[in-house]
Every structure is written in structure tokens, then in C-alpha cells.
Amino acid sequence: MSFVNTQTTKVDELIDKALQGEALTLEEGLVLYESNDLIKLGAGAKQMMLKHVPDNLGTFVINRNINYTNVCDTYCRFCAFYRTEKDADAYVLSDEVIFNKIAEAVELAGQERGVEILMQGGTHPNLPFSYYTDLLRKIKAKFPGITMHSFSAAEIRKMVEVSGLSLAEVIQQLKEAGLDSLPGGGAEILDDRTRMRISRLKESWQEWMNVHAEAHKQGMKTTATMVIGFGESLEERLLHFIRVREQQALTGGFTAFISWVYQPDNTALKGTRATAVEYLKNLAISRLMVNNVRNFQSSWVTMGEKIGQLALEFGCNDMGSTMIEENVVSAAGAHNRMNKEALIRTIHDAGRVAALRDTQYNILEVYNK
């Protein structure tokens, strides 16, 4: 009994320390993971969220995912989406198909302003760098008001490889062509022990971070992501939090932190899906550990509407996007969908005020009950 009381007291002290703006250490993070008091951790994470976002808003963005190609030479063991060039169902979308998808998103939103296009694909070995810059220019010429929140660190590094340019030059040219911000895809676990086991050909955690650091240096905002459930250790999860926090302290370039659970269906890695309790516990601890990123996003796409809504009580202030189209996690067995009206209802039912935002978290419209 005394151990339980001592542990409870220690968790309370660590939550208070985080709320005072002090950075928790890896060892202190382990104490949080040892706690089975999910409600206490969630309450602490919600307090941390309210320090950053005191207005009780639950935000979302109008987004369309466009997976321009499924050809990839990285061969991640946890991915059910990628194909080789020789596969019968390999594709590269035509410009016209991409334009039509964007036009549908704009039509659904009723405006271009605030519409986010998350354009990502595999690391295609035979697309020249000019493919990306030309495509961006064409998109921005047709849809000048949208936000291109596109290309993962792995794709950026493939562009460096095929172009022979430096990382700084690639990001500069993409920015000049119309790229507005980078998504955090491909972070998985920011520690090379797990990265090399699940995706031997992917960039190291430091190389992933270098892409985001360079984007921040050039004035471009990005997001940080995390995927749990690969069999990673708690120490690796905590290193992930600490590395994101340290980069944020240097540049302030991460607009949001988004974590979700590995989806094992149809993948070479297989395994079992982490539970909702594990997701919520990890989410709460991430909010306490990464105490300098303002926005945390719920992963209702992988966890479902109800757990996604509950995430608003565990440190999240944002419900992500309408996700008009999604092909990667759905290929691995997740098929959750919500439109704008469903997101507004879900946020209101959680006791929050629903608000439409843009990619940079500027509020565009507030929906009162």
C-alpha cells in the first residue's frame, strides 16, 4: 500500500512539474508509464492542453489526402500500401486526376481558403525532381488559395537522391514552387533500434529530424508524428518525445504532435493492434513530455470516433481533418470516416466548441451549439 501511495505522490509531483513548464526526463517519463492511473494521467494532460489552448475549442481542418503514387523502394515491413513498379496495380496519378481530386475538396469546403491538401506517396525511384516542382506550380496556378501540406521526410530525401541537390536546395525549390508545409509522416519511432527492424531502408531518426530542421530554418512549419505498437520499448517512446521537444525548443517549427497506433492487417510485419487504453495512456504522457508543442491531434482515423472523441480528454485540442480520402492506413485495416457535420457533432458532444481551422491553426469559423 505504501508503494502505491508513494507512486501516486510521485506521479502528482511529475504532473505538477510538467505544468510548471519544466521538462520531464526519460527516467521521470518511465514513472508515468509505470502508473496505472489512466484518469490521473488524462487529467494532467488535459490541464497541459488548457495551458496552451485555454478557449475550450476543438478544432479541425478540411483536408484531402492524395496519394499520387504507390510505387516505393523503401519496402517498410509495416506498410500495406506500397507496390513495386512491376506490380500490376502500381500507379502514378495523372495531373488531371490530381486536379479533379483537389477540385472536389474545394467544392465540398465551399471555398479554397483553409483547404489542406496532404499529398504523399511512396519513394518512387524514377520520378525526377522536376515532377514535384512542376506539379506544385500547376496546382497553385489552378488553386491559389489552398495549402499544400505535402511530402514526408522520406520523399524529400528521395528527391535529394534523384536530383543531386542538397537538402536545403530541394526544400527551397519546393517552397518556391508552392509547398507550404511538411507533414510528419515517416517518424514512426524516432530511435534507430526500432526503425532498422521495421524499415531497414528508411532514413535514420536523425535524418528525419534534419529534414524538419531544415524546413524550420527556411521558415516552413511542419508537424511531428509518432506510431506506437511495433514492439518498441518505453525508453524508445520517451526518446521520441524528448527529441521532438528538443527540436521544438530550437526552432518552434512544429505546429502539432500527432500519434496513432500501428495497423497490422495486410502487412509483412503483422503483430497485434495496440489497445485503446495503451493509445490514451501514451497520448497523455506525450502531452506531458512534449510540453512545448501547442496542438495535439486526435487519431480518430485509426482509433474510431468514440476513442477519437475521448482523446479530447487526454490532451488533444484538435480532431484532425475530414479526411475526404485516405488510402494508407485503410490498406492496413482502418476504415473510419467522418464528414464535417460529424466532426462538429463529435466535438460538441465532448463539451468543446467546434471550430474550423487552417493548416497553421488559424481559426476560420466557430460553430456554436
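The values are calculated or read from the model by the stated rules, or taken from the named source; none is laboratory data. Everything quoted here is computed from the prediction, not taken from an experiment. Positions of Cβ are backbone-derived with ideal geometry, glycine not excepted, and every protein chain shown enters the neighbour counts. Heavy atoms of the whole protein, side chains included, go into the accessibility calculation; ligands, DNA and RNA do not. Shrake-Rupley method; radii C 1.70, N 1.55, O 1.52, S 1.80 Å.
Taking the alpha carbon gyration tensor of region 89-219, multiplying each eigenvalue by 5 and rooting it gives semi-axes of 26, 16, 15 Å, largest first. Normalised by 2.2 N^0.38 Å, where N is the number of residues, the C-alpha radius of gyration of region 130-190 stands at 1.13. Given R₀ = 22 Å, what would the calculated FRET efficiency be for E13 paired with N36, taking r from the Cβ atoms and rounding to 0.05? The computed FRET efficiency comes out at 0.80.
Hey, could you get me the Stokes-Einstein D for region 112-152, Kirkwood radius over alpha-carbon pairs, 37 °C and 0.692 mPa s, rounded to whole µm² s⁻¹? Taking Rh from Cα pairs, D becomes 295 µm²/s. Mean residue ellipticity, 222 nm, helices only, the chain: the sum of -39500 (n - 2.57) across DSSP H runs of n ≥ 4, divided by residue count and rounded to 500, is -14000 deg cm²/dmol. Counting DSSP beta bridges with both partners in the chain, what percentage is antiparallel, nearest 5? Taking every DSSP beta bridge with both residues in the chain, the antiparallel ones total about 15 percent. For the pair E246 and Y91, the difference between a 0.36 nm per residue extended length and the Cα-Cα distance amounts to 51.9 nm. Here L234 sits with roughly 70 square angstrom of accessible surface, probe radius 1.4 Å.
Average accessible surface for region 73-219: 43 Å² per residue, computed with a 1.4 Å probe over protein heavy atoms with every protein chain in place. Taking only the alpha carbons of the chain, we obtain Rg and Dmax values of 19.9, 67 Å in that order.
Each of the peptides 166-178, 16-28 was scored by the mean count of other Cβ atoms within 10 Å over its residues; in descending order, highest first, they stand as 166-178, 16-28. Estimated at 0.36 nm per residue, the fully extended path between K369 and E176 surpasses their Cα-Cα distance by 65.4 nm. In this rough spin-label picture, where each label sits 7 Å from Cα along the Cβ direction, the D134-R197 distance is 4.3 nm. Note on surface exposure: L250, L364 rank L250, L364 by accessible area, highest first, 1.4 Å probe. With the alpha-carbon atoms of region 190-307 aligned to their principal axes, the span from lowest to highest coordinate is 39, 34, 24 Å, starting with the largest. Legend: residue pairs K281/K340; K46/K306; K140/K340; K175/K217, Cα-Cα distance threshold 19 Å; pairs beyond threshold, K281/K340; K140/K340.
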